[in-house]
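Laboratory data are not the source of any read-out in this text; all were calculated from the coordinates shown. Because the structure is a prediction, the values reported are computed rather than measured. Every residue, glycine among them, receives a Cβ derived from its backbone with ideal geometry; neighbour counts consider all protein chains shown.
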Amino acid sequence: MAELTGPEVDHRAGRPGTEPGAAEQGVGAEHVAEPARERGVPADAAFVLRCPRCGRDGTGTSGCPHCRAEGVAVNLEPPLADLTAHDLAAFPGGPWGWRETVPIPGGAAVVTLGEGNTPNVWLPPRPDGRGVWLKNEAANPTLTHKDRYMAAAMATARAQGFETVIAASSGNAGASAAAYAARAGLRCVVVTKSSLPPAIHAQILAAGAVVVGFDDSVARNNTMRQAVEQLGWFPLTNFVEPGAGGHPYAIEGLKSIAYELARDFGDELGAVVVPTSRADLLSGVSRGFKEIVAAGLLRACPRLIAAEPSVAPAFSTALARPGLRDQETTQIPYVGSAAFSIGSDVANWQGLQALRDSGGEAVAVDEATFLDEYRRCAAEDGIFIEASSAVAVSVARGVAGPGTVVALGTSSGLKDLDLALRGAPDLPVIEENLDELQRVVADAAKRA
Ligand SMILES: [Zn+2]
């Protein structure tokens with residue numbers, strides 16, 4: 001692996017009002033002819049990675065250019081970490097629990113808000129589905145698994161000397177990016193959809209980030225690409241078409257989910273169900289289990305199952321095709337749903353590889369089914385998860401076969417208040433009157 005080098009930056013350097021570059025170039029504020037390019041190491045020259053499909057070495061965050069020319073979206077990857085001689089029972093949890101598994105320079109400071117070690121919550125069986133464990137990633141600092149990813153991403157950006165980071169996100173990643181950038185002292189720009197849920201909008205603004213909405217995702221990604229290429233901003237997420245996947249180093253932070261599951265459930269693990277969009281979580285979890293199995297800490301990788309909304313089921317569509325060539329070039333129209341965090345227009349290669357290598361599958365769920373699960377998880381089990389996570393729980397309840405089944409809960413139901421309050425009555429306001437209270441309770445019982 002290439003050793004990363006880069007200056008430690010002044011954590012305040014990227015704040016608005018200290019635009020990098022201008023002072024060095026002697027350019028007055030009244031006439032700035034060229035956009036100021038940041039001093040960070042250019043994203044495409046910072047490190048050497050390898051394409052898992054064609055085996056070529058590469059750099060950067062745009063995936064493998066050779067495979068893309070064949071119409072196949074493949075992310076580049078660093079080598080797997082060697083976990084030999086590690087004590088799984090003693091794994092402290094989180095992306096920095098085994099620090100060497102995230103490839104930032106040894107001397108670089110980590111960025112953390114206490115992410116990881118999320119609880120496993122038992123969801124009892126029902127007449128129409130088995131009992132499953134929910135690994136509740138909503139217990140992370142910004143209520144999502146993305147915090148593991150952004151901790152690793154922000155440490156990388158800072159170690160490489162970047163001062164501004166940019167994320168394309170429909171929600172959770174943007175809120176996480178904003179918080180971790182604030183912690184790291186980096187300026188953060190989030191480019192999102194015009195339909196951004198208000199709760200996430202509030203999270204991003206509270207962290208002091210700049211957020212911009214787009215009606216068109218291609219325009220959004222093109223704008224991000226220009227910011228990365230022309231302004232030298234650090235890309236926290238994917239911005240190429242077809243979508244190859246997120247920042248390769250940030251994905252390494254997600255491996256800690258697999259380490260924690262292996263530590264907590266051991267060889268009882270039968271299947272892990274993963275809400276899937278561009279498969280960063282799926283590939284990160286897969287890589288973590290591969291490291292664990294290679295070190296002899298687990299007998300085998302559990303089956304990994306991609307859970308998708310039925311309106312944008314790229315991986316289910318791909319795996320229904322007969323040949324690998326057809327599967328790996330799968331692209332479908334993206335259609336949004338209440339599970340706004342997941343669904344994809346492309347079945348990228350590393351996601352397919354994770355499913356194939358573990359003997360897994362992809363399962364699509366229609367909206368009525370996963371919204372029923374979303375309501376029942378909250379009202380019957382007490383766990384208020386986002387609709388995308390309910391897609392995974394719904395799939396997990398139907399998994400056949402031996403072993404423990406775990407669904408990954410990727411975020412909280414609080415992220416989408418419009419959905420949570422859809423169809424709800426206005427808040428009843430009453431005077432001191434027990435009869436009135438009983439009437440309100442009876443009305444609620446009729447609606448249930
Ligand atoms: Zn390739």
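Please compute the contact order of segment 132-177 in relative form: average sequence separation of alpha-carbon pairs under 8 Å and at least six residues apart, divided by the residue count, as a percent.
39
Let me check I've understood the local charge: for Leu437, count other residues with C-beta under 14 angstrom from its C-beta, Lys and Arg +1, Asp and Glu -1. What total comes out?
Summing Lys and Arg as +1 and Asp and Glu as -1 gives -4.
Where Lys and Arg each count +1 and Asp and Glu each count -1, what net charge lies around Ser344 among other residues with Cβ under 15 Å from its Cβ?
Counting the neighbours of Ser344, the net charge comes to -3.
Any idea what log10 I(q)/I(0) is at q = 0.18, 0.22, 0.24 Å⁻¹ for segment 298-371, Debye with uniform C-alpha scatterers and no solvent?
Each listed q maps to, in turn, -0.68, -0.93, -1.05.
Highest mean first, how do 408-416, 262-270 rank when packing is the count of other Cβ atoms within 10 Å averaged over residues?
My ranking of the peptides, most packed first, is 408-416, 262-270.
Can you give me the Cα centroid spacing of segment 227-243 and segment 317-335 in angstrom?
Rounded to whole Å, the Cα centres lie 25 Å apart.
Taking only the alpha carbons of segment 123-215, what extent do you get along each of the three principal axes, in Å, biggest first?
Extents along the principal axes, in whole Å: 53, 32, 19.
How about segment 289-357: which trypsin sites (Lys or Arg not before Pro) there lie in a loop by DSSP and see at most 16 other Cβ atoms within 10 Å?
Answer by residue number: Arg299.
Compute the convex hull volume of the Cα atoms of segment 348-448, divide it by the residue count, and report the result per residue in Å³ as a whole number.
Taking only Cα atoms, segment 348-448 has a hull volume of 139 Å³ per residue.
When the helix-only estimate is applied to the chain (DSSP H runs of n ≥ 4, each -39,500 (n - 2.57), divided by the residue count), what is the mean residue ellipticity at 222 nm, nearest 500 deg cm²/dmol?
-10000 deg cm²/dmol
Grab the alpha carbons of segment 67-125, take their convex hull, and tell me the volume per residue in Å³.
Looking at segment 67-125, the number lands at 216 Å³ per residue.
Can you pick out the pairs among Lys193/Lys290; Lys146/Lys415; Lys135/Lys193 whose Cα atoms lie more than 24 Å from each other?
Checking Cα-Cα distances, Lys193/Lys290; Lys135/Lys193 exceed 24 Å.
Suppose we keep just the DSSP beta bridges with both residues in the chain; what percent of those would be antiparallel, to 5?
Taking every DSSP beta bridge with both residues in the chain, the antiparallel ones total about 30 percent.
Mind listing the Cα extents of segment 283-415 along all three principal axes, in Å, largest one first?
40, 38, 26
Could the peptides 194-200, 439-445, 318-324 be put in order, highest first, of the mean number of other beta-carbon atoms found within 10 Å of their residues?
Order by mean packing, descending: 194-200, 318-324, 439-445.
Could you pull the Cα extents of segment 222-300 along its three principal axes, largest to smallest, in whole Å?
The Cα atoms of segment 222-300 stretch 49, 21, 17 Å along their principal axes.
For the chain, report the % of Cα-Cα distances exceeding 30 Å.
43
Please list 87-96, 390-399, 120-129 highest first by mean number of surrounding beta-carbon atoms within 10 Å per residue.
My ranking of the peptides, most packed first, is 390-399, 87-96, 120-129.
Using alpha carbons only, how many angstrom separate the centre of segment 70-131 from the centre of segment 382-398?
Result: 21 Å between the Cα centres.
Count the net charge of all other residues whose Cβ sits under 13 Å from the Cβ of Thr118, scoring Lys and Arg as +1 and Asp and Glu as -1.
Around Thr118, the charge tally is -1.
Can you list the equivalent-ellipsoid semi-axes of segment 80-158, largest first and in whole Å, using the square root of 5 times each Cα gyration tensor eigenvalue?
Those come to 29, 17, 9 Å.
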